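To keep things clear, I will list the structure first and then write my remarks on it.
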Amino acid sequence: MAESSDQELLQDKSYEPRSLTDEEKLKLNENTRISDFQKENLEKNAKKNWDLFYKRNEDRFFKDRHWITREFSDLKDALSKISSQEGQMKVLEVGCGVGNLIFPLLEEEKGLFVYACDFSPVAIDLVKKHASYDVNRCLAFVADLTQGDLTSYVPPQSVDIVTLVFVLSAIHPDKMVAAIRNIRQVLKPSGCVWLRDYGLYDHAMLRFQPSHKIDENFYFRQDGTRAYYFSLDTMRQMMADGGMTAEELCYVHRRTENKKEQLSVPRVFIQGKFIATAQS
């Protein structure tokens, strides 16, 4: 997310990716890829790189995500409805980082219990040290969605809502479906997944040099963390393969403005709501 000097203004939601200039098309069509050895190293060091990220930045990098119930227009209503009907509602935040989403949610919704997991032990340690962390309302734990079993911490089919905010993009594409199936195990049949992630042709994607391209739409940053940029079709198919059906799915087009540096750049995110596909 942007630093405090940036201002993000909602432009519109659409089913079409951003149009590219001829120069941008040429850059993206460059066929350079990193070596298999580099790819293996990035995969092997994924947890280490995220641990180093959180050691370096702690809770200073991301803003608190108070926008979540505003941007997901039905989420606040869903939270209130489930809470009033069923008592304490259960939410799972996958890839919780240092708690920028869970603590605003817990503050807004008193009848809420949040399971929060992250790949990074450093991030989970920071969550547990947060002044608002309450073991009666939150359970934070380390989890690798692509290998571990979430039911070790979360009872099967017990969660009303799962939030996936800039999480799948950090996982190798070959392992994304396994992560979704893992999440589906703990989701109630009536539950849903709310997702926001990086969209195809986002400005951040176009800034990468060819030497940072892992594979199609998949790049690595200077610190070794990775980012995948999704089309609607890719996300819809991947979620379907993981046992989830899209109820809503669109691109969110923004402009991020930095007045100090006199910059205005196009951001593209992907946003959706998914439900568990009925099993025959």
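The values are calculated or read from the model by the stated rules, or taken from the named source; none is laboratory data. From a predicted model like this one, the values you see are computed outputs, not experimental measurements. Note: ideal-geometry Cβ built from the backbone for every residue, glycine included; neighbour counts use all protein chains shown. Quick note on the areas: whole protein, heavy atoms, side chains included, nothing else; ligands and nucleic acids left out. Shrake-Rupley method; radii C 1.70, N 1.55, O 1.52, S 1.80 Å.
Work out from phi, with θ = phi - 60° and the Karplus expression 6.51 cos²θ - 1.76 cosθ + 1.60, the ³J(HN,Hα) of each residue of segment 143-151, listed in order in whole Hz, and give x for Gly and Pro.
8, 9, 4, 7, 10, x, 10, 4, 5
Longer than 32 Å from Cα to Cα, which of K27/K55; K27/K259; K129/K188; K39/K259 are they? Say none if no pair is.
Violating the 32 Å limit, Cα to Cα: K27/K55; K39/K259.
Counting other Cβ atoms within 10 Å of each Cβ, which trypsin sites (Lys or Arg not before Pro) in segment 82-172 have at most 13 and sit in a DSSP loop?
K110
Put one equal scatterer on each alpha carbon of segment 178-230, apply the Debye formula with no solvent term, and list log10 I(q)/I(0) at q = 0.14, 0.21, 0.31 1/Å to two decimals.
Relative scattering, expressed as log10 I(q)/I(0), comes to -0.51, -0.80, -1.22.
In nm, to one decimal, how far is the A278 label point from the D174 one, both placed 7 Å along Cα→Cβ?
3.6
What residues have an amide H closer than 5 Å to that of F141, excluding those fewer than 5 places away on the same chain, when H is modeled at 1.01 Å from N in the peptide plane?
Sorted by chain and number, the residues that satisfy this are A116, C117, D118.
Based on a Kirkwood Rh over C-alpha pairs, give the Stokes-Einstein translational diffusion coefficient of segment 184-280 at 4 °C and viscosity 1.567 mPa s in µm²/s.
Translational D for this selection: 86 µm²/s.
Could the peptides 138-149, 97-108, 196-207, 213-224 be put in order, highest first, of the mean number of other beta-carbon atoms found within 10 Å of their residues?
Peptide ranking by packing, descending: 97-108, 196-207, 138-149, 213-224.
Can you give the accessible area per residue of segment 125-280, in Å², using a 1.4 Å probe?
The answer is 44 Å² per residue.
Sorted by average packing, counted as other Cβ atoms within 10 angstrom per residue and highest first, what order do 233-245, 176-188, 13-25 take?
Final packing ranking: 176-188, 233-245, 13-25.
Round to the nearest 0.05 the FRET efficiency obtained for R137 and A204 when R0 = 41 Å and r is the Cβ-Cβ distance.
0.75
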